[in-house]
1. I want to confirm something. Restricting to the stretch B:67-86 and keeping residues that are in contact with a helix residue (DSSP H, G or I) (Cβ under 9 Å, 6 or more places away or on another chain) and within 16 Å of B:Val97 (Cα to Cα), which single residue is surrounded by the most Cβ atoms within 10 Å (Cβ to Cβ)?
2. Picking from A:Arg461, A:Arg454, A:Arg361, which residue would you name as being within 14 Å of chain B (Cβ to nearest Cβ), basic (Lys, Arg) and in contact (Cβ under 8 Å) with a residue 24 or more places away in the chain?
3. B:Arg40 fails exactly one of the following numbered conditions: (1) in contact with a helix residue (DSSP H, G or I) (Cβ under 6 Å, 6 or more places away or on another chain); (2) more than 10 Å from chain A (Cβ to nearest Cβ). What is the number of that condition?
4. Quick check on this structure: which one of B:Ala578, B:Ala542 is open to solvent by less than 70 Å² (accessible area, probe 1.4 Å), in contact with an Asp or Glu (Cβ under 7 Å, 6 or more places away or on another chain) and in the same structural domain as B:Asp482 (by TED's automatic domain parsing)?
5. Out of the residues in the stretch B:34-53 meeting the condition of being touching a residue at least 24 places away in the same chain (Cβ under 8 Å) and acidic (Asp, Glu), tell me which one is nearest to A:Asp451 (Cα to Cα).
6. Restricting attention to the stretch B:525-538, which residues are farther than 17 Å from B:His550 by Cα and not in a loop (DSSP other than H, G, I, E, B)?
7. Would it be correct to say that A:Asp480 is part of a loop (DSSP other than H, G, I, E, B) and within 12 Å of another protein chain (Cβ to nearest Cβ)?
8. Filter the stretch A:151-164 down to residues that are in a loop (DSSP other than H, G, I, E, B), open to solvent by 10 Å² or more (accessible area, probe 1.4 Å) and touching a Lys or Arg at 6+ places or on another chain (Cβ under 9 Å), then give me how many there are.
There are 2 protein chains.
Amino acid sequence: MSERKEFRDLAEPDAAREAIASLDLSPETERVPLVDARGRVLAERLDADRDVPGFDRASMDGYAVKARDTFGADEADPVILDLVGEVHAGVEPTVEVGEGKAVEISTGAVMPLGADAVVMVERTDEHESPRDSERASGEAASRVEIRTSLAPGDHVMLAGADVSAGQRALGPGTRLTAREIGLLSALGVDEVPVRGKPKVGIISTGDELVRPGNPLSDQSGQIYDVNSYTIATAVEEAGGKPILYPHAGDDYDEMERLLLEAEAECDLVLSSGSTSASAVDVIYRVIESQGELLLHGVAVKPGKPMLIGRFPDSAYVGLPGYPVSALTIFRTFVAPAIRNAAGVPEPTTATIEARMAVEERYGEGRMRLMPTGLVEDETGRVLAYPVDKGSGATTSLVEADGVVTVEPDTAYLAEGESVEVRLFSPDVRPPSVFGVGEDDPAFSRLLDTLDSPRYLALGSREGLRRLRNGVPDFAVATGDSDASEGTELASYSREWGLVVPAGNPEEIEGLADLVERDLTFINRGTDSGLRTTLGNAVADLAEERGTTRHELVESISGFEMTVKAHESPARKVAAGFADTGLGLRSTAEKLDLGFVPLGEETVRVLANPARERKDGMAELRAALESELVGVLRDLPGVRP
Amino acid sequence: MSERKEFRDLAEPDAAREAIASLDLSPETERVPLVDARGRVLAERLDADRDVPGFDRASMDGYAVKARDTFGADEADPVILDLVGEVHAGVEPTVEVGEGKAVEISTGAVMPLGADAVVMVERTDEHESPRDSERASGEAASRVEIRTSLAPGDHVMLAGADVSAGQRALGPGTRLTAREIGLLSALGVDEVPVRGKPKVGIISTGDELVRPGNPLSDQSGQIYDVNSYTIATAVEEAGGKPILYPHAGDDYDEMERLLLEAEAECDLVLSSGSTSASAVDVIYRVIESQGELLLHGVAVKPGKPMLIGRFPDSAYVGLPGYPVSALTIFRTFVAPAIRNAAGVPEPTTATIEARMAVEERYGEGRMRLMPTGLVEDETGRVLAYPVDKGSGATTSLVEADGVVTVEPDTAYLAEGESVEVRLFSPDVRPPSVFGVGEDDPAFSRLLDTLDSPRYLALGSREGLRRLRNGVPDFAVATGDSDASEGTELASYSREWGLVVPAGNPEEIEGLADLVERDLTFINRGTDSGLRTTLGNAVADLAEERGTTRHELVESISGFEMTVKAHESPARKVAAGFADTGLGLRSTAEKLDLGFVPLGEETVRVLANPARERKDGMAELRAALESELVGVLRDLPGVRP
């Protein structure tokens, strides 16, 4: 074993926050083209350096005149002026408006010299003048009759009336949205000084990590690097610019080279992803030799081994390895610092008030950052329930919506107690509907027709257990109905049996073969409703044969060899790991395997009675009514 | 005048919504790298195609053993096993665990063959074996003492326990945030099928438009194109991909070429920016000949001349020309259709509930889309007030936070009445503090120290008028105190006088020169407090001379020649348009002009008594206490 750091003197979470706040993550100001400035934050105040409009401008289609020539005119007693020309928008006027004259003008055109008002076209009539022969020399070819009196300035926007040169246009720190970009366009600005995005380097550590998209060796215990992309995305969401570095192993020289490369290029360096204590030790030593370690170990769960330090040119924070833990610590301690440096305040919606859906007890005496799932009740109130109690599962990433901070002196949160949930992303919303239960291919397809559902395929047993606890909106379970289990919304049946290789080379005909012959079998876990159905069938066979269920089970090689998802046994059979496995006809056909039918079982969708009237449940009911038939038609071995 | 379309048969707004909903804006599915997938929407369901982990994995640092070798072990009675090797994360095991054997194992490493449990290192001690000489042949060099009993599976994560191959991972329509990207990383996915972003072509029309960044000719009546960038930004905010086309004039052939180019490349084409009826006519004719016109003219203000049509390959919507009107129509009718096609639902925060800050009457009998500013009261409740009643000013872009839809049959909204405000951008928030009043360089600098203030420099008179109406949080006004004007938070004085060219070539010494000599003068508008101060000084001079104020004013050439902002007269003087102008010493020095002082006036910051306790006002008071001194020190001609 490598030498281990013991975190005996854990820092308080506030000290960690202060240490991170003391780090300088400030990026330099950048200049960006206006078209790319959406969402950026103005680095400095901008004043108008020109008038808008830059000229006296007609704000109506009509005729530019001297207002005093129209004094006293009305419908009954119009004045008639000589029409001496026209001015269009975007064209320099070539005429002047003398006494008794008018010039046709378009909206937006420059007011010609001499004119001080515009009469709108609706209040005028244009007349042909008398024929050339009857016209005095110099007389206009047309005349315009004006049926209203004007005041100077009518329908004219004076130069600078909208924005005047020298006026404050936008203040420093302004977030640029469509409307600010509109104002800057009006001023002719095509490049703006904005706060730089803090550059955040991400180094994942651990010899076992492989970046997604590359081949993976299961034999060598390789896994895909989850934290790099997760944290990179979270950095972007917080207004930073992530830079991914190659993942590093436990080698001191390699790690030192990588950390120094990153620290030279970035405002903040994050390491993450390591499950290995020795990698942490290496980082620790590099920081101690090249920079300054501010804090090592924080009294918070998860996140105890958090490192906070400083290199000559950048800050450093070490995140825990489990993905949900890494995201939790990032969200709580790091994202606020990045947002602050980027000048992008957290959206108010990134934190919401919720009530505990269940009670929860704590006993660690240190701050707990509780990954939390959300579900809405019938009134739209948001309920919170804890997820991922340290399992490290990546699936809990998509079950957790945010984090609740539980203070060290809180030993208990009651059901219904109010908590503050910091969402993982401002875009996160509670699912429209939340269900738990059997992993079933038909129901899984039905889910595809719903808008933002959450469904945890944890098996019938767990579904019913959680439904009794009142957390989910519905459960999906196999087997017969039980009145205590909520309102049945729909049911259908699915054909189950033994999945065998294509062509059924072992010529398996039924359960008896498993009991009597030397065949290897792969089962589902005890939470699965399908497993219960198999157990019942084995019990029936035992009764038929006058023996015990236990006796038969013992004689099936692999009955205790359980795998998680509904396709898992079939995939093991396909891969040659076993002669047969528990499964559904639909799965066997999907994977081009053989199938030995053993019976049909009922799948039921059960509503939580306290949630039947929420919108998402109405959507689910509608889908069960309109979409389920089609799903069952398209899938083999299922029927209404 | 060109032929005009009269909008006699205006469509109802609902018909416009339906026409837009009938357009097909759906983009094609794209595949994007996972690192670029943030915010995108999954086009199809993704199932896991591998187990995570792909192997049975140690979830603790410790020793891999056969659980049955530890049965009965405890602190008092440990078992001792032979240590036969080690396995590290990311490395294929080279040892097996036989009976009575143990293998050192790191978190994340592959379980060696034969082992079914891991004992955590804290419950063990490693011993050196007896010396070589005393050791039997084949005996291990080290032994490990285990002080606890294990069950099979302890501290082992079985292959597929996190995610199993074939499981539904994410549903279609899922918005990808950090956590979803984490799950996809775990599955090794590095490219995802996402909904394409609807391509939205933007064509601005009008011969007078110039794209920002290019030189502008005021003489020719050119203005910067505001709508192209504003709408492009709003398209991006709605999840679309804007494509800007060169601006088009009123020429039929050119417009046809541009529209056809855009319609071939885009899912939707928007035209905008034209103030010219003939450009609209040209577009109308192109659509009629090349596509289908669905709707022309909608009973809504603004937006009456809205065009909705369809080309063979794209949809078309024509927006009004005034920037706030264009954004209002876009936000109300077009953005929802783009969001729908992009699969990006509107954030719930994009619409907020507010109360009318003032009463408002309507009489048009058609739907009114009212651009609305927001301000918070002391309790954090949001109040709405109408802005930009058709002025077309680009400055009202940054005053308007969103749109309130007023139905045609609503003649009156009472103060305090509840309205729904659709924000222009989800990022829009009410300003921290909202003030109206004098355009003053010192106060303008103070604003730079506040976080997201809104200040409308409309002059002292308008500031006091609005303060009496109770809408803003504070006003800034010059002149003497009046007890009815709210709570004075701070005051300072500023030196005013005549701005003259550098060196004062006309040797102007005071007001008397303006009255007696043939000098051209530029004044400020009557809303300006500075103008009032000048008026008072002229009245004093008149009294001194035994004449009337009117008499003196008549003798000042340009007294009625008013410009808008505090720098405007000085800039006109600098440009040679006048001999002198009304201004402040600070302005004259900033622009390197001469200055003839005439006096000092007081600038007062006055709080709305009903808003004194809101957070933003506390921030303003703090800035007045801590920052104002520095601002006044740095600026010439002002003092506390």
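1. Filtering first and then ranking leaves B:Leu81.
2. One residue alone meets the criteria, A:Arg454.
3. Failed condition: (1).
4. After ruling out the rest, the residue left standing is B:Ala542.
5. Residue satisfying both the conditions and the ranking: B:Glu44.
6. B:Gly529, B:Leu530
7. No.
8. Number of matching residues: 4.
The values are calculated or read from the model by the stated rules, or taken from the named source; none is laboratory data. It should be emphasised that the depicted structure is a prediction, and the values quoted were computed from it without experimental measurement. Note: ideal-geometry Cβ built from the backbone for every residue, glycine included; neighbour counts use all protein chains shown. Note: areas computed on protein heavy atoms with side chains; ligands, DNA, RNA excluded. Shrake-Rupley method; radii C 1.70, N 1.55, O 1.52, S 1.80 Å.
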